[in-house]
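Undergrad: Mind looking over this structure? Questions follow.
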Amino acid sequence: MNLRFEPSAGLTGELTAPPDKSISHRAALLGAMASYPVRIERYLHAADTTATLNAIRALGALVEVRPDGVTVRGAGLREARQPEHPIDVGNAGTLMRLLPGWLAAQEGRTFTLDGDASIRRRPVDRVAEPLRLMGATLTATDERFPPLTVQGAHLHSISYELPVASAQVKSCVLLAALAADGATTVGEPARSRDHTERMLMRAGVTIHRNGRHVTVVNADELVLEHVLVPSDPSSAAFLIAAGVLVPGSRLLLRDVGVNWTRSGFLRILKRMQGIVLGELEDDTGELISSEPSSDLDVAHGQLEGTVVEPEEVPPAIDELPLVALLGCFAEGETIVRGAGELRLKESDRIADVVEGLRGLGANIEATEDGFAVSGSGGLRGGVIDSHGDHRLAMLGAIAGLASREGVEVRGMEAAAVSYPGFVADLERLC
């Protein structure tokens, strides 16, 4: 589906962005592993998270979907059912990388995970390596790509250092650690999002953080009961970018998740002189169980270029394409370093963002692990291809609203992966 987005005179109004995709995935998975029913309020109903519900159904969980949320009656920590057919994860990279952690502990059972063409290009070797060290057997295409087959085993604890900060790989190991002997420690070079750790703490798991290391002690059962999902900061970021870029805009976004490990984009935007007011979580270094949220007041402002260093990348990984867009309108140069992980998303987001924005008139260059943008006073407009990537589709829409001539987005339907009502919400604000 191709849609054209014309320049806007200003976005105004109040909106609640969709529920958080990362937290929805995790709540459903932990619900499937729990011993008692888990009620998930404000579960995200989108393509990726629906794939997670279908997956846990195939593994023996009972799922009740209601207008106000989802209730999951789990199969249990060590009692997942072996399905007759491969589990289809669709386009859900989070599901592909987290689910093997639970399945690796299912002794004597074998599971195969597969997905769409995009998933088959996304590597799974980084989750396979630690799970093999814990005692499971995993096989993949060319030892690296889906389909991924997991043979469950009696797992033992490990101490593992992630070569690249990744919340998905870290979470996979932590889920496997719940059924392993002893205590498992995972270290990472920089803090990635910590939704899994917070939710495990709420579920009664013994878990500790020491700097960039997290230790989990094995558990007999999970008792989670209730999860309230805040609005997704990654989805809200597109509305925030629109409010900052389009002259005359003033937006109020309700109940946005402001977990420190997810608010890197807001810290970068503040440094660029973007006008966003709200109560963000401070980084105390302590692990807590709650997921904070805040109303965010957004207004148009003149931006300044900035440099995003590697240690800032994990808390802003999904929003870095928006940093490139903001850089097109900022004074001076905007540089992102240490973001090679973007090449392993639904698309090669470095190459595709650079190609897409350059086609709209941007002065932007790709680097091996990021990009450099020279602010040129905005964008002309034109055509951008989403390449099936939901974030590129939404990026093109925001670029169109802020451009001089408008933008046609090819493959706009990709936005439904995380934000099914995105176009309708933009129309309301315009």
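Undergrad: Considering amide H positions built from the backbone, and no H for Pro or chain starts, which residues 5 or more places from Asp255, or on another chain, come under 5 Å of its amide H?
TA: Here the answer is Ser294, Asp295, Leu296, since their amide H atoms fall under 5 Å of that of Asp255.
Undergrad: Order the peptides 43-52, 421-430, 276-285, 170-179 from the highest to the lowest mean number of other Cβ atoms within 10 Å of their residues.
TA: Answer by packing, highest mean first, reads 170-179, 43-52, 421-430, 276-285.
Undergrad: Mind jotting down a quarter of the surface of the convex hull over the alpha carbons of the chain, in square nanometres, one decimal? Don't skip to the end; give the middle numbers.
TA: On the way: hull surface 70.6 nm².
Result: 17.6 nm².
Undergrad: Ok, one more. When Leu138, Leu296 are ordered from fewest to most other Cβ atoms inside 10 Å of their Cβ, what list results? Before the final figure, lay out each step's value.
TA: Details: Leu138 19, Leu296 25.
Least crowded to most crowded, the residues run Leu138, Leu296.
Undergrad: Based on the mean of other beta carbon atoms within 10 Å per residue, what is the order of 297-306, 378-387, 96-105, most packed first?
TA: Numbers: 297-306: 18.2, 378-387: 20.1, 96-105: 27.1.
The most tightly packed comes first, giving 96-105, 378-387, 297-306.
Undergrad: Only bridges whose two residues both fall in the chain count here: according to DSSP, what percent of them are antiparallel, nearest 5? The partial results should precede the final answer.
TA: Values: 50 of 71 bridges.
Taking every DSSP beta bridge with both residues in the chain, the antiparallel ones total about 70 percent.
Bear in mind these aren't lab numbers, they're just calculated from the coordinates by the rules spelled out. The shown structure was predicted, so the numbers you read here are calculated from the model rather than taken from an experiment. All Cβ positions, glycine included, derive from the backbone under ideal geometry; neighbour counts span all protein chains shown.
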